[in-house]
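All remarks here apply to the structure that follows.
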Amino acid sequence: MAQTPERDVTDNPNLLILMADQLTAGALPAYGNRTAKTPHIDALASGGAVFESFYCNSPLCAPSRFSFLSGRLPSKIGAYDNAAEFPAQIPTFAHYLRRAGYQTVLSGKMHFCGPDQLHGFEERLTTDIYPADFGWTPDWTRFADRPGWYHTMDSVTQAGPCTRTNQIDFDDEVVFSARQKLFDIARGRDRRPFCMVVSMTHPHDPYTVPQRYWDRYADATIDMPRVTLSVERLDPHSRRLRHVCGLDLQAITDAQVRAARRAYYGAVSYVDDQVGVLLAALADARLSGNTIVFLLADHGDMLGERGLWYKMNFFEPACRVPLIVHAPQRFAPGRIAGSASLVDLLPTLCELAGGKAPEYATTLDGLSLLPHLTARDGGGEVIGEYLAERAIAPVVMIRRERYKFVHSPVDPDQLYDLVKDPDELVNLAAAPGHSATVQEFRAEVSRRWDLAAVHAEVLGSQRRRHLVNAALRTGRYLPWDFQPVRDASRLYIRNDQDLNDLEAMARFPRLVT
């Protein structure tokens, strides 16, 4: 008897998208870090295409993910913050790929808010770690209030080892479910190619990890923040972020900073281990030969740089994220310098699946990355928006060539030369010799956005969601949180199928007489 061979490479590859939460590119050896231990991600990078200048479009979980799924900027789809509804009528890459003949699967976090908890995914394997309701809606009109549900500095001051956390519970389930699904696909009768998104919540704070990951590092090996600035030198938005996180309410010691960064590195190693588990399952299921693997993140983490933590700004640690595309049978390994962002994933995935329909290309804010992958095209730009906690007006960003320009109607402009000044220490917006560049960027901001209208839309959305949330919490409450369906009548051994046939179907590789 022979065993079934691995599936051949076809024109319609499988797509495995591995997503980490709050993973800054600078924390990975593939991007120059010398502290983190990530052998599985290192292997992906050495055999894949590494995008060196890749960004999120909004440095916050839900808006970033909705842009990733839809290929559109947050203001275009109302994805203002972590309690914004993702409208069911917005096409995602899961819709396009499903219509193109793919089975679409989601395991893990995607932070969908609202009653649609699938958004084109045919199957969702787990619930989400975050709520699906409007309870986390910000309020720009109440700046002095610090929401009780938001980040605090406890994540830093209480950093260290543990046995279990919510996040370990969640990600263990996410990876187990995804691994099992890969084997189900391999031995199933459904011959469609698949697109599977596996989205973990690590290395997102709180900065606590199991002891075995804490012990992979020693205090002496932990690099401390490169940039230390006094509060007086910070831009106004950064000072507002310090307020919302309570950074000015307690002193943070060097030992606490080191512990938080050590735990973060431990969480990065946890993510790396899970990547290894999934890549091994892909190989064991004989699917790796025709699967393109993507590794990316929704946003980064400041990790104490500039005295800031978490994200919510457009400095490099918060908005620059990894993108590694591993398909050595299709794309030559190497490094890609051109700038790109998460909105570029939808047209890329659609093109890989064989579709170039104008129906989606005309409404997108992203462009396919195939020219970067095949011809190492060096161009590209990044457009960003931040419309959430502790903004008091829209904050927008343009990253093009060597410059990054950040603008908000209520704050001084920021212009950085990322070639000469990668740590963004020198704001050139008011410097002699750069007035023409600033004027060009300001003119582009005016062409791209009606910021007064966006501001009004954000405030209106916040008011509506606060009202709806209060109403739905009055009387009988029916949550929108996704409930995975697990039909026990179809599991393992049951009496509706011949036992020998059932065991033969469950065996992989299948024996062929």
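Just a few scattered comments:
- Å² per residue, accessible surface of region 1-118 at 1.4 Å: 30
- Portion, in percent, of the accessible area of the chain that falls on carbon or sulfur, probe 1.4 Å: 52
- Within region 403-490, chymotrypsin sites (Phe, Trp or Tyr not before Pro) in DSSP loop having at most 10 other beta-carbon neighbours inside 10 Å: TYR477
- Think of a 1.4 Å ball rolled over the protein heavy atoms: region 407-476 then has 61 Å² of accessible area per residue.
- Within straight-line cross-link reach of LYS420, lysines at Cα separation under 24 Å, skipping those fewer than 8 residues along the same chain: LYS311, LYS404
- Distance (nanometres) between label positions extended 7 Å along Cα→Cβ at VAL227 and ALA144: 3.2
- Expressed as a fraction of 2.2 N^0.38 Å, the value expected for a compact globular protein of N residues, the C-alpha radius of gyration of the chain is 0.97.
- Our summary gives region 301-359 a relative contact order of 16 percent, counting only alpha carbon pairs under 8 angstrom and 6 or more residues apart.
- Relative to the current alpha-carbon distance between LEU425 and ALA470, full extension at 0.36 nm per residue lengthens the span by 11.8 nm.
- Separation of region 393-430 and region 453-513, taken as the distance between their Cα centroids, equals 42 angstrom.
- Annotation note: trypsin sites (Lys or Arg not before Pro) in region 27-79 located in DSSP loop regions with a Cβ neighbour count of at most 14 within 10 Å are ARG34.
- By average C-beta atoms within 10 angstrom, highest first, the peptides 209-220, 485-496: 209-220, 485-496
- Seen through its C-alpha gyration tensor, with square-root eigenvalues sorted a ≥ b ≥ c, region 1-122 comes out oblate because a/c lies at 1.5 or above while a/b is not bigger than b/c.
- Local charge for SER435 was computed over the other residues whose Cβ lies under 14 Å away, with Lys and Arg +1 and Asp and Glu -1, and equals -1.
- Per-peptide average of other Cβ atoms within 10 Å, ordering 309-316, 333-340, 225-232 highest first: 309-316, 333-340, 225-232
The values are calculated or read from the model by the stated rules, or taken from the named source; none is laboratory data. Everything numeric in this text was worked out from a predicted model, so none of it was measured. Cβ atoms come from the backbone with ideal geometry, glycine included; neighbour counts cover every protein chain shown. Ligands, DNA and RNA are excluded from the accessible area calculation, which covers all protein heavy atoms including side chains. Shrake-Rupley method; radii C 1.70, N 1.55, O 1.52, S 1.80 Å.
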